[in-house]
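J.: Have a look at the structure that comes next, please.
The values are calculated or read from the model by the stated rules, or taken from the named source; none is laboratory data. This is a predicted model, so every value here is computed, not measured. Cβ placement follows ideal geometry from the backbone for every residue including glycine, while neighbour counts extend to all protein chains displayed. Side chains are part of the model used for accessible areas, which takes the heavy atoms of the whole protein and leaves out ligands, DNA and RNA. Shrake-Rupley method; radii C 1.70, N 1.55, O 1.52, S 1.80 Å.
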Amino acid sequence: MKKALSIFVLFFAFSLTANAQAEKATTQKELSIEEKAKQNVESLTAVMDITNPMSETLNQLFYRKYKMLSKENITVAEKQGISNEIDAKLRATLNDELIQKLIAKGLYKNLIN
């Protein structure tokens with residue numbers, strides 16, 4: 001009887017630990033999306049001066065990009081579509097001179113992929 005009780009207690013303890021770790025991983029994933037978006041905006045800020053409204057807009061764009069890329073079972077075609085969409089929005093937001101600066105520094109490919 002002691003063995004059965006101890007097995008039940010151990011099973012219960014491991015199941016609680018597993019659930020706690022799964023919840024923690026979910027919140028870390030959300031934070032990492034925000035952090036990645038912020039890092040992209042910071043890398044742009046290092047190359048050029050951007051205003052606060054533009055910074056917010058770009059942060060939202062990159063957040064949306066990482067949110068879409070974090071979906072499960074995303075295909076290569078969907079990833080390419082997201083990359084093309086980000087490329088088009090960045091080209092519409094930034095002028096050609098800034099785009100060429102980013103390409104020369106090797107940051108542009110990082111931002112759209």
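J.: Which residue is least open to solvent (accessible area, probe 1.4 Å), if the candidates are limited to the stretch 61-71 and must be part of a helix (DSSP H, G or I) and more than 11 Å from N40 (Cβ to Cβ)?
T.: M68
J.: Starting from residues that are surrounded by 14 or more Cβ atoms within 10 Å (Cβ to Cβ) and under 19 Å from N113 (Cα atoms), keep the ones in the stretch 40-54 and report whichever is farthest from the chain's Cα centre (by Cα).
T.: V47
J.: Only one residue in L102, L98 is hydrophobic (A, V, I, L, M, F, W, C), out of contact with any helix residue (DSSP H, G or I) (no Cβ under 7 Å at 6 or more places or on another chain) and surrounded by 11 or more Cβ atoms within 10 Å (Cβ to Cβ), so which one is that?
T.: Going through L102, L98 in turn, the sole match is L98.
J.: Does A46 meet the test of being modelled with pLDDT under 90, part of a helix (DSSP H, G or I) and closer than 17 Å to L98 by Cα?
T.: yes
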